[in-house]
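**Student:** One structure is given below, represented as structure tokens, and several questions about it will come after.
Just so you know, all these numbers are worked out from the coordinates, no wet-lab data involved. Values in this document were obtained by computation on a predicted structure and should not be read as measured data. Don't worry about glycine lacking a Cβ; one is built from the backbone with ideal geometry, like all the others, and counts go over all protein chains shown.
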Amino acid sequence: MTKLHIGLGVTGGIAAYKAIEVMRLLQKAGCEVSVAMTRHATEFVRPLTFRALTDRHVIVDDYDPANPDPIAHINFSQEIDLLLIVPATANIISKFANGIADDFLSSTYLASTAPVLIAPAMNVTMWEQAATQRNIERLRADGVRFVDPVAGELACKTVGTGKLEDVENIVSQVLNLLDAETQRRRGGRETSLRLSVSALKDDLTKEHILITVGGTREAIDPVRFISNHSSGKMGFAVAVAARERGARVTVVAASTSVEPPDGVELIRSISAQEMFDAVMEKVADATVFIGAAAVADYSPANVADAKIKKEGIDGISLELKKTPDILSEVSKRRREGQMVIGFAAETNDVIEFAKSKMAKKNLDMVIANDITAKGAGFNTDTNIATILTRQRETALGLMSKRALADKILDEIVNLRKSNPANAARSGNS
Ligand SMILES: Cc1cc2nc3c(=O)[nH]c(=O)nc-3n(C[C@H](O)[C@H](O)[C@H](O)COP(=O)(O)O)c2cc1C
């Protein structure tokens with residue numbers, strides 16, 4: 001798996017020390033980080049701090065004879081997947097906007113084709129200054145993204161906008177951007193990235209997540225079956241993300257076209273009835289149930305014992321009977337604090353169907369997606385979904401199934417926080 005490489009530029013502002021925390025979170029997320037500092041930044045934080053934590057030379061001045069790479073600004077700028085500036089001074093923003101390349105960091109900006117994300121921090125008057133705002137507009141027009149500063153008490157004791165955004169929010173935006181970029185530039189090639197900041201916190205250690213995955217197969221005879229296009233990619237992505245965030249994970253998997261992940265308890269169940277039985281056996285022990293499998297609604301009423309022959313038969317009719325509704329049954333049996341979550345893969349009126357599913361089956365959350373949308377649905381590595389809870393509706397753009405998995409898990413964590421009665425008990429309760 002590929003490690004993504006972030007070029008972290010640190011400039012001479014009072015918030016420079018926060019770049020250390022940003023760097024640590026990015027490393028935790030699975031990124032490689034190389035640091036470049038302006039000369040003024042070194043007045044606030046020593047390059048040694050970054051060198052020790054990244055195990056890489058920190059470039060301040062590419063004219064420095066001690067610099068191991070004689071054309072560092074070119075090599076550095078071409079190796080990175082993202083150039084991130086934390087904090088960005090009014091000065092560096094002005095230099096980027098005007099194409100000035102009089103030090104290592106500004107030369108790197110000009111020499112790089114990687115996406116650029118800038119987190120400014122400065123005194124409110126500097127931030128509101130027409131020149132600064134003009135430079136920012138110019139950079140936005142050039143395709144540069146910003147993590148805007150927030151309002152608060154500033155280092156200069158004034159109150160106003162100019163404070164560096166919270167480091168977790170900065171890293172969260174970096175990860176979202178990297179996810180979108182990897183889909184675009186690397187054709188969805190798998191990376192070792194953990195795509196949510198909360199995913200870095202082992203925030204699911206109290207959860208035992210039971211999840212159904214894949215498409216069921218309903219036998220017609222010993223050779224044929226009725227099934228669907230489910231690959232299992234979405235469900236497995238949730239399983240991997242939950243495991244990485246510390247949850248105990250049990251997967252009940254029907255037919256899947258991808259390999260199941262390591263580190264989870266795996267139960268194979270091919271038909272809807274087998275899946276129903278396996279889930280009912282396990283569900284009492286789970287704190288969260290996620291129905292991500294595409295379960296057949298109907299199965300043949302009579303399964304032939306021997307292969308049905310075609311000789312002398314022009315056509316056959318299959319009588320179908322309803323399969324047991326796993327999600328409804330889990331919801332009916334739910335115990336206090338247990339969450340029940342479903343997916344709604346639809347082709348029309350997606351949100352309406354999802355809302356009615358949530359109400360009818362008494363669910364805590366539904367992940368709705370239009371499987372006809374480009375980049376969404378079965379067998380793709382990406383999805384476009386809306387997460388619905390009883391409190392809110394969050395429409396998400398195109399993202400990897402892995403990133404969506406983390407968004408779903410973030411929402412579980414939010415639900416636990418917003419309703420203490422929902423607090424997870426131990427997975428063994
Ligand atoms: C104590 C101190 C704090 C500063 N904090 C900031 C700041 O938060 N934001 C900013 O844009 N400039 C700040 N400056 C001014 C910059 O350091 C100055 O504009 C410098 O030229 C920036 O250089 P650089 O962009 O190459 O790092 C500060 C200066 C001092 C002396």
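**Student:** Find how much the distance from residue 311 to residue 259 grows on full extension, using 0.36 nm per residue of separation minus their present alpha carbon separation; answer in nm with one decimal.
**Tutor:** 14.9 nm
**Student:** What residue among 162, 34, 44 has its Cα farthest toward the positive end of the dipole of region 5-185, where the charges are +1 on Lys, Arg and -1 on Asp, Glu, each on the Cβ?
**Tutor:** Highest projection toward the positive end goes to 162.
**Student:** Could I ask something else about it? Regarding region 5-185, what's the average projected area of the Cα-atom convex hull, expressed in nm²?
**Tutor:** That works out to 9.5 nm².
**Student:** Can you divide the C-alpha Rg of the chain by 2.2 N^0.38 Å and report the result to two decimal places?
**Tutor:** Normalised by 2.2 N^0.38 Å, the Cα Rg of the chain equals 1.18.
**Student:** Further question: With each label point set 7 Å from Cα along the Cα-Cβ vector, what nm distance links residue 349 and residue 297?
**Tutor:** 1.2
**Student:** Using Cα centres only, tell me the gap between region 238-306 and region 1-37 in whole Å.
**Tutor:** So the separation of the two Cα centres works out to 39 Å.
**Student:** Using a 7 Å offset from Cα along Cα-Cβ at residue 79, what residues in region 27-53 end up with backbone N under 12 Å from the label point?
**Tutor:** Label zone hits: 32-36.
**Student:** Next question, about the same structure. Using alpha carbons only, how many degrees (0 to 90, rounded to 10) separate the axis of helix 167-185 from the longest principal axis of the chain?
**Tutor:** Result, in degrees: 70.
**Student:** Note down the magnitude of the dipole of the chain about its Cα centre, charges +1 on Lys and Arg C-beta and -1 on Asp and Glu C-beta and zero elsewhere, to the nearest 20 debye.
**Tutor:** With only Lys, Arg, Asp and Glu charged at Cβ, the dipole is about 680 debye.
**Student:** If you don't mind, there's one more thing I want to ask. Positive end of the charge dipole of region 317-414 (Lys, Arg +1 and Asp, Glu -1 on Cβ, about the Cα centre): tell me which of 367, 348, 382 has its Cα farthest that way.
**Tutor:** 367
**Student:** For region 1-84, how big is the tail of P(r) above 22 Å, as a whole percent of Cα pairs?
**Tutor:** Percent of Cα pairs beyond 22 Å in region 1-84: 19.
**Student:** Hey, another quick one. With charges set only on the Cβ (+1 for Lys and Arg, -1 for Asp and Glu), what does the dipole of region 5-185 come to about its Cα centre, in debye to the nearest 20?
**Tutor:** About 220 debye.
**Student:** Modelling each spin label as a point 7 Å along the Cα-to-Cβ direction, I'd like the residue 55/residue 166 distance in nm, to one decimal.
**Tutor:** Each label point is offset 7 Å from its Cα along the Cβ direction, giving 3.2 nm.
**Student:** Give the longest segment of the chain that steers clear of trypsin sites (Lys or Arg not before Pro) in DSSP loops with at most 10 neighbouring Cβ atoms within 10 Å, not counting the sites themselves.
**Tutor:** 1-156
**Student:** Please find the FRET efficiency linking residue 284 to residue 48, where r is the Cβ-Cβ separation and R0 is fixed at 41 Å, and quote it to the nearest 0.05.
**Tutor:** FRET efficiency, residue 284 to residue 48: 0.15.
**Student:** Using the Karplus curve 6.51 cos²θ - 1.76 cosθ + 1.60 with θ = phi - 60°, what ³J(HN,Hα) values do you get for each residue of region 22-28, in whole Hz, with x for Gly and Pro?
**Tutor:** Each residue's phi maps through the Karplus curve to give 4, 4, 5, 5, 5, 5, 4 Hz.
**Student:** Moving on. Just going by the charge dipole of region 5-185, with Lys and Arg at +1 and Asp and Glu at -1 on Cβ, which of 120, 10, 110 is farthest out on the positive end?
**Tutor:** Farthest towards the positive end: 120.
**Student:** With everything on Cα atoms, drop me the angle between helix 233-244 and the longest principal axis of the chain, reported from 0 to 90° to the nearest 10.
**Tutor:** So the inclination is approximately 60 degrees.
**Student:** So for the pair residue 39, residue 98, with labels modelled 7 Å out along Cα→Cβ, what separation do we get in nm?
**Tutor:** 1.7
**Student:** Here is a follow-up. Beyond 22 Å, what percent of the Cα pairs of region 238-344 remain?
**Tutor:** For region 238-344, the share of Cα pairs beyond 22 Å comes to 42 percent.
**Student:** Something else about it: Per the helix-only calculation at 222 nm, which mean residue ellipticity applies to the chain, given -39500 (n - 2.57) for every DSSP H run of n ≥ 4 and division by its residues, nearest 500 deg cm²/dmol?
**Tutor:** Taking each H run of at least 4 residues, the total per residue is -10000 deg cm²/dmol.
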